[in-house]
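The values are calculated or read from the model by the stated rules, or taken from the named source; none is laboratory data. Predicted model only: the values in this text are computed from it and were never measured. Positions of Cβ are backbone-derived with ideal geometry, glycine not excepted, and every protein chain shown enters the neighbour counts.
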Amino acid sequence: MNDPIVDCIIVGGGPAGLTAALYLARFRRSTVVIDDGQSRASLIPVVRNLAGFESGINGNALLAKMRRQIECYDVPLVEGRVTTITRTDGGFLVEYGSTSGPSSRSLVARHVLLACGIRDKLPPIDDAIALTQEGLLRFCAICDGFEAQGKRIAMLGPASRALSHALFFRTFCQQVAVIASDNDALTQQERALAAENAIELITTETLELSNSSEASFSVACQNGRRHAFDAIYPVLGCLPQANLLSGLDVQRDNDGMIVTDKHQRTSVDGLYAAGDAVNSLNQICVAIGEAAVASLAIHRSLPANPL
């Protein structure tokens with residue numbers, strides 16, 4: 001609490017948070033980024049639909065490039081996990097703890113930008129994070145569906161949701177399956193859609209995944225049959241990282257995502273949000289664009305800062 005009040009605290013050091021830090025620094029606004037090192041981008045083996053990287057780029061490599069860029073400016077990048085955000089006179093009190101221990105600190109800012117993202121729900125298997133980083137578990141057909149041509153892919157999750165994703169994935173791939181425990185709940189129309197699109201329905205109550213090789217999965221069913229896939233897309237939903245807002249009356253949608261206006265302003269004055277935490281189109285380019293919009297809105301809402 002002895003630290004001076006800053007113009008903006010950015011919660012999250014992923015593509016949205018780092019872009020916002022770059023913009024605000026270039027607007028000569030005092031800014032602090034608090035990051036817990038859990039950006040969803042860090043799980044991406046290669047992103048190929050981000051303009052300017054013709055050969056694609058690893059998610060961690062992209063984050064490292066973005067961090068190096070803001071190192072050219074006076075923007076502290078604090079390692080920590082934000083625990084609470086509360087209103088205070090003239091702004092917000094942001095409390096955060098160390099990612100490696102129980103220590104707690106706090107900062108005060110005139111504005112807060114939430115770029116805390118989401119966490120995908122992982123299937124109950126060992127090494128799910130490592131398998132995601134290797135590209136065997138995947139979460140975004142928009143990002144990497146093009147590379148699945150000629151491969152065998154499965155959607156894993158509630159049957160109706162998994163089928164919806166499988167139908168979309170037929171844009172890219174001929175061999176698509178649904179792995180679910182509730183395939184019996186599919187309607188006659190849904191089953192007809194699956195048949196018309198050559199989507200195999202695999203029913204299993206207990207998921208047993210094993211690496212049958214370095215580049216494929218084997219899925220066991222109750223009848224003893226095994227199915228091999230080059231990659232599996234879990235469609236189990238996600239967890240919005242918005243529990244730190246429990247003390248603020250922030251409007252959210254039915255999925256728990258933060259609602260913003262066209263300037264990325266939330267329902268709480270002075271609180272902004274950008275990136276995966278606010279929409280269902282979880283794309284790096286979208287997060288970057290929203291961060292730019294939010295940063296300009298924050299700059300314009302502050303008193304002028306002429307040289």
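Comparison of ALA130, ALA109, ALA185, ALA115 shows that the only residue that is under 23 Å from GLY13 (Cβ atoms), free of Cβ contacts under 8 Å to residues at least 60 places away in the same chain and aliphatic (A, V, I, L, M) is ALA130. Looking across region 136-170, just one residue is under 16 Å from the mean Cα position of the chain (by Cα) and farther than 21 Å from ASN279 by Cβ, and that is LEU137.
A residue that is in the same structural domain as SER164 (by TED's automatic domain parsing), part of a loop (DSSP other than H, G, I, E, B) and either over 30 Å from GLN174 (Cβ atoms) or modelled with pLDDT under 90 (or both) occurs somewhere in region 126-133. Selection of first residues in region 282-307 that are over 12 Å from LEU113 (Cα atoms) and of second residues that are surrounded by 15 or more Cβ atoms within 10 Å (Cβ to Cβ) and polar (S, T, N, Q), restricted to Cβ pairs under 6 Å at least 6 apart or on distinct chains, gives the following pairs, ordered by first then second residue: ILE288/THR19. Within region 15-46, the residues that satisfy the criterion of being hydroxyl-bearing (Ser, Thr, Tyr) and touching a helix residue (DSSP H, G or I) at 6+ places or on another chain (Cβ under 8 Å) are THR19, TYR23, THR31, SER39, SER42.
Looking only at residues of region 196-209 that are exposed (fewer than 13 other Cβ atoms within 10 Å of the Cβ) and modelled with pLDDT under 80, we find that the one that is farthest from ILE125 (Cα to Cα) is GLU205.
Within region 247-266, the set of residues being modelled with pLDDT under 95 and polar (S, T, N, Q) comprises GLN251, ASN254. If the condition is being in contact with a Ser or Thr (Cβ under 8 Å, 6 or more places away or on another chain), over 30 Å from THR203 (Cα atoms), part of a strand (DSSP E or B) and of a type in the set (A, V, I, L, M, F, W, C), then region 225-281 contributes ILE258, ALA273. Within region 176-195, restricting attention to residues that are surrounded by fewer than 19 Cβ atoms within 10 Å (Cβ to Cβ) and among the polar types (S, T, N, Q), the residue that is modelled with the lowest pLDDT is SER181. Being touching a Lys or Arg at 6+ places or on another chain (Cβ under 8 Å), surrounded by fewer than 19 Cβ atoms within 10 Å (Cβ to Cβ) and either over 16 Å from CYS221 (Cβ atoms) or hydrophobic (A, V, I, L, M, F, W, C) (or both) is not true of PHE168.
For region 58-83, filtered to residues that are out of contact with any Asp or Glu (no Cβ under 8 Å at 6 or more places or on another chain) and crowded, with 17+ Cβ neighbours inside 10 Å, the residue that is nearest to LEU245 (Cα to Cα) is VAL75.
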